[in-house]
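Asker: Have a look at this one before I ask anything.
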Amino acid sequence: MARGSLVVRAHRLVDATAAQSLAGRAHRIEDATPARAIPLRLFEGHVHRLALLAIAELGVVMLCVYGAVLTRFSGFPGTFSAFQATVDPIWPRALLIAGVFLLCLVAMGLYQLRQRARFAGIAARLLIAVLVAEGALGLIFYLAPSLFVGRGVFGLAGIFAFSGLVLTRLAFLRVVDGDMFKRRVLVWGAGARAATIAKRLRRSTDQRGFKIVGHVRAPGDGVGVPDHQVLQFDGDLLHLAMRHQVEEIVVAMDDRRSGFPTQELLECRLRGIAVYDVLAFLERETGRVSVELMQSSWFIFSNGFRCNIPRLASKRLFDVVVSIAVLLAASPIALLTAIAIFLEDRGPVLYRQIRTGQNGRRFPMLKFRSMRIDAEPEGQAIWASRNDPRVTRVGAWLRRLRIDELPQVLNVLAGQMSLVGPRPERPAFVQELTQAIPYYPERHFVKPGITGWAQVRYGYGSSKMEAQEKLEYDLYYVKHHSFTFDLMVLLQTVEIVLLRIGSR
């Protein structure tokens, strides 16, 4: 009987202790709540600025079309009604023009949050985008004359649109670097893993999406972050986060086996503070996967890596349709290129090179020959270098304009490549890089591409270090590839071709 009484008392004691613990946590939360400021965040806070910018610029271009109509027919009574009586409503044409302008802005890389170009460079890109849009619209109006708005309106709309876009961009650049739009981030860790954040995101343009309010030194951390960036921690993570109005906590401790703050992070998470691993945080902010921080379990538990029939079928259909269209449109350029290559040294026009494709299968990749016939006399693979002396005069122009890649459309039709994917490497390089770089074979999970995420974000790579950086972009694509992603990469490839970025 006494023993049963002791058991009952023990149960009551446990229940009372748990209640006190819950009450204590609730009291801390209640105390901290007034200091909590919950800002407006759309799309998890890292896309909304660009979405708002795109909407604003779409509206600016449409207003410029209306302004062009008003200016062109300012001497006529009832300007808009007279114009609409002649060519039907204005707004569908204004929307078409604005939509084409928007696509050209995307193609010139002007919707990247971490745009590093100075304002003069941005203005130059805007000018190129406007000129390309005017050319594309001219072709559309030629094929569909019923959509034409008149030469005067068309010309004035382009001038007004360039001016309006420049002013909009200037205002955006002034606002985007302000703290109002940045997520406030607290880093749990002050050692080597935490130091990779500043290492990978060292420029101010890299930190446009967030602001680190400080670090908390975790048990087992080494010295990786300066002392002035480390906050005084009294053991109450929730209260610290509330006091600094933290919206995200990034876990970047060196040793998770030493004092991982499970309960504290749970309290913060339930209060609406997002919690990220440092690898996921860097992946989101940089558009690449940090190989040096990865473990094999990341591939197992991470989202993405889609390999289903609808995705594969849609990607293949897109590849075939676009490849046929490119072949038809570029056949005159291909013919002139073949003639130029043959006339220079009477050598072969096409160059076949064995590359490594999906799942490690090898295939002969086609290119217009841009180097001398004896570029590799012993058949040994050699990295291409800047101003490579093996490149012919015609080949130099082909490489600058990326025309040498055109025959790879035939590889796409044959199913050996895709339009978008990691660039295929030569087997000798693959074997060398597999031994030197962890997780390098995983880039062969998808078909190689004519262009890819690494090409539009990094450029040409001709060393092991550069190959590792490109691998990080390739793994990001392998994880997130989708139809929308492919379309965005193809559009941004226009910038690479026009501005000759990364060509050798």
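The values are calculated or read from the model by the stated rules, or taken from the named source; none is laboratory data. Since this is a predicted model, take the numbers as computed values, not measurements. In this analysis, Cβ positions are derived from the backbone assuming ideal geometry, glycine residues included, and neighbour counts consider all displayed protein chains. Surface accessibility is based on the protein's heavy atoms, side chains included, excluding ligands, DNA and RNA. Shrake-Rupley method; radii C 1.70, N 1.55, O 1.52, S 1.80 Å.
Asker: Those residues that are assigned to a helix (DSSP H, G or I) and more than 29 Å from the chain's Cα centre (by Cα), I need them from the range 339-367; list them, please.
Answerer: ILE339, ALA340, ILE341, PHE342, LEU343, GLU344, ASP345
Asker: Take the residues in the range 241-275 that are open to solvent by less than 60 Å² (accessible area, probe 1.4 Å) and of a type in the set (D, E, K, R), then tell me which one is farthest from GLN229 (Cα to Cα).
Answerer: Top of the filtered list is GLU267.
Asker: Just one of (1) in a helix (DSSP H, G or I); (2) in contact (Cβ under 8 Å) with a residue 40 or more places away in the chain trips up VAL187, so point out which.
Answerer: (1)
Asker: Please go through the range 407-429 and pick out each residue that is of a type outside the set (Ser, Thr, Tyr) and in contact with a Gly (Cβ under 8 Å, 6 or more places away or on another chain).
Answerer: GLN416, MET417, LEU419, VAL420, GLY421, PRO422, ARG423, PRO424
Asker: Can you say whether ALA190 is farther than 17 Å from ARG49 by Cβ and surrounded by fewer than 19 Cβ atoms within 10 Å (Cβ to Cβ), as far as the supplied structure shows?
Answerer: no
Asker: Can you tell which of ARG426, ARG443 is open to solvent by less than 50 Å² (accessible area, probe 1.4 Å), closer than 22 Å to PRO364 by Cβ, among the basic types (Lys, Arg) and in contact (Cβ under 8 Å) with a residue 40 or more places away in the chain?
Answerer: After applying the criteria, what remains is ARG426.
Asker: Taking the conditions exactly as written (open to solvent by less than 40 Å² (accessible area, probe 1.4 Å) and polar (S, T, N, Q)), does GLN408 satisfy them or not?
Answerer: Values: open to solvent by less than 40 Å² (accessible area, probe 1.4 Å): yes; polar (S, T, N, Q): yes.
When the stated conditions are applied, GLN408 passes them.
Asker: Still on this model: Considering (1) in a loop (DSSP other than H, G, I, E, B); (2) under 30 Å from GLY189 (Cα atoms), say which one GLN263 fails and leave the rest.
Answerer: So GLN263 meets the others, but not (1).
Asker: Note down all Cβ pairs under 9 Å where the first residue falls in the range 295-316 and is closer than 22 Å to ARG193 by Cα and touching a residue at least 60 places away in the same chain (Cβ under 8 Å), the second is open to solvent by 70 Å² or more (accessible area, probe 1.4 Å) and acidic (Asp, Glu), and they're at least six residues apart or on different chains.
Answerer: So the pair list comes out as PHE299/GLU442.
Conditions (1) open to solvent by less than 10 Å² (accessible area, probe 1.4 Å); (2) closer than 23 Å to LEU366 by Cβ; (3) touching a residue at least 60 places away in the same chain (Cβ under 8 Å), marked per residue:
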{"residue": "ALA414", "(1), (2), (3)": "no, yes, no"}
{"residue": "ILE437", "(1), (2), (3)": "yes, no, yes"}
{"residue": "GLY452", "(1), (2), (3)": "yes, yes, no"}
{"residue": "GLU469", "(1), (2), (3)": "no, no, yes"}
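Asker: Just one of ARG202, ARG174 is without any contact (Cβ under 8 Å) to a residue 60 or more places away in the chain, assigned to a loop (DSSP other than H, G, I, E, B) and of a type in the set (Lys, Arg); which is it?
Answerer: ARG202
Asker: For VAL250, work out the one condition from (1) in contact with a His (Cβ under 8 Å, 6 or more places away or on another chain); (2) outside any loop (DSSP other than H, G, I, E, B); (3) closer than 12 Å to ALA194 by Cβ; (4) of a type outside the set (Lys, Arg) it doesn't fulfil.
Answerer: The one condition VAL250 does not meet is (1).
Asker: Tell me the residue from SER258, SER204 that is out of contact with any Gly (no Cβ under 9 Å at 6 or more places or on another chain) and among the small types (Gly, Ala, Ser), please.
Answerer: Selected residue: SER204, the only one of SER258, SER204 that is out of contact with any Gly (no Cβ under 9 Å at 6 or more places or on another chain) and among the small types (Gly, Ala, Ser).
Asker: Kindly indicate the residue of the range 129-149 that is surrounded by 17 or more Cβ atoms within 10 Å (Cβ to Cβ) and in contact (Cβ under 8 Å) with a residue 40 or more places away in the chain and also farthest from LEU498 (Cα to Cα) among those meeting that condition.
Answerer: The extreme case among them is VAL149.
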